[in-house]
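Data block below; observations after.
The values are calculated or read from the model by the stated rules, or taken from the named source; none is laboratory data. All of these numbers come straight from a predicted model, not from anything done at the bench. What goes into the accessible areas is simple: the full protein's heavy atoms, side chains included, and nothing from ligands, DNA or RNA. Shrake-Rupley method; radii C 1.70, N 1.55, O 1.52, S 1.80 Å.
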Amino acid sequence: MLTAERIKAKAGELGFDLCGIAPADNFPELAYLEEWLARGYAGDMAYMSRSAERRADVRNVVAGARSVIVTGTIYNTSEVRLKDSTGSSEAIIARYALGDDYHDVLKKRLDALLAWMRATSPAAFDARAYADTGPVQERVYAQYAGLGWIGKNTCLINAEHGSWLFLAEIITTLDLEPDTQALEQCGSCRRCLDACPTGALVDAGVLDSNRCISYLTIELRTAIPEQYRPALTNHVYGCDICQDVCPYNHPASTSSNSAWQPRDGLDLPRLVDLWRRSDTELRTLLKGSAMTRAKLTGLRRNLAIAIGNSRDPEAIAELHRDRDDQPSAADPMVRAHIESDFPYDTAGK
């Protein structure tokens, strides 16, 4: 017989650190998406509006769904790496993007779990698996699956492990025993709200993507608004500030899984060293990484801002050097950022 406990045990064998079951119900938190979209907080992420109806209820994704199997995977690999990164000439990259692309890694594990479930279940069932790729409000279901609560920084927080967690899920018509909903434990703490340099956390649990450094450096395909560029400091892909300051991440659990270990060239590289790479070298470095999401032009744009913020004369000189092997640097958007971000000379004055 296929039970919730057997599924959780198998998930552990496959490399998932957490696994819980949520009923496929119409939870009140799901309704907030409509208001969030109406406020324009999705920015240019038009796909959020296009899939809003499906995101409102997983039963719109899998007809007759009764359960959502939610998994959590720890991706934190170091307690001190980013805390010690105070040099403005080093590139900060969000922890989740330092290793292999989590979408690919987790989807393989989910597919293996689902295949085992089908082989084990005496009865046929419908199911779909998603690793941050489907129209699912996964943090809501993770909360009702007992994996943690949605914090004021909008991340899922687990009291024991912290918030450095990848979420992935299987929506199924199987009627599985659900877990108990996790309760909010942020209390009066507002460290994440106070720490956000752009004020993207406009209220507890409310994120305005238009101001979020992660959105600006990853999802936005156009120019980054000038008023936010100084706040990016040396962030070139994503941002972890609201998680770095969270008390539940001190200490946080770490993973020794090779998939999440920082790649050579991405663990606090110098901004100038990243910029100097040819487009071919960058593609090789980022192949199989989540960082391909921003595209080369997006990464060059972000690097231009970070180098401008650093005032590193060596890096600034490199920005103005024409190279045939860096066609992405000649993109009009990238060039506009280079020129507008440097009202000072190559001496960095």
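Over segment 1-122, give the accessible area per residue in Å² for a 1.4 Å probe, as an integer. Mind showing how you got there, number by number?
Working: 5640 Å² over 122 residues.
On a per-residue basis, segment 1-122 sits at 46 Å².
Rounded to two decimals, the Cα radius of gyration of segment 136-207 over 2.2 N^0.38 Å is 1.23.
What fraction, in whole percent, of alpha-carbon pairs in the chain exceed 33 Å separation?
Numbers: 18800 of 60726 pairs.
Every Cα pair in the chain considered, those over 33 Å come to 31 percent.
Rolling a 1.4 Å probe over the heavy atoms of the protein chains gives segment 187-236 an accessible area of 44 Å² per residue.
Residues in segment 33-43 carry Karplus couplings, in order, of 4, 4, 5, 4, 5, 5, 6, x, 6, 7, x Hz; the curve used is 6.51 cos²θ - 1.76 cosθ + 1.60 with θ = phi - 60°, and Gly or Pro positions show x.
Which value results when the Cα radius of gyration for segment 115-156 is divided by 2.2 N^0.38 Å?
On the way: Rg = 14.0 Å, N = 42, 2.2 N^0.38 = 9.1 Å.
Output field value: 1.53.
With a Cα cut-off of under 25 Å and a minimum spacing of 8 residues unless on different chains, the lysine pairs in the chain number 10. Of the solvent-accessible surface of the chain, computed with a 1.4 Å probe and all protein chains present, 48% belongs to carbon and sulfur. Each principal axis of the Cα atoms in segment 1-130 has its own extent, and those three values, largest first, are 58, 40, 22 angstrom.
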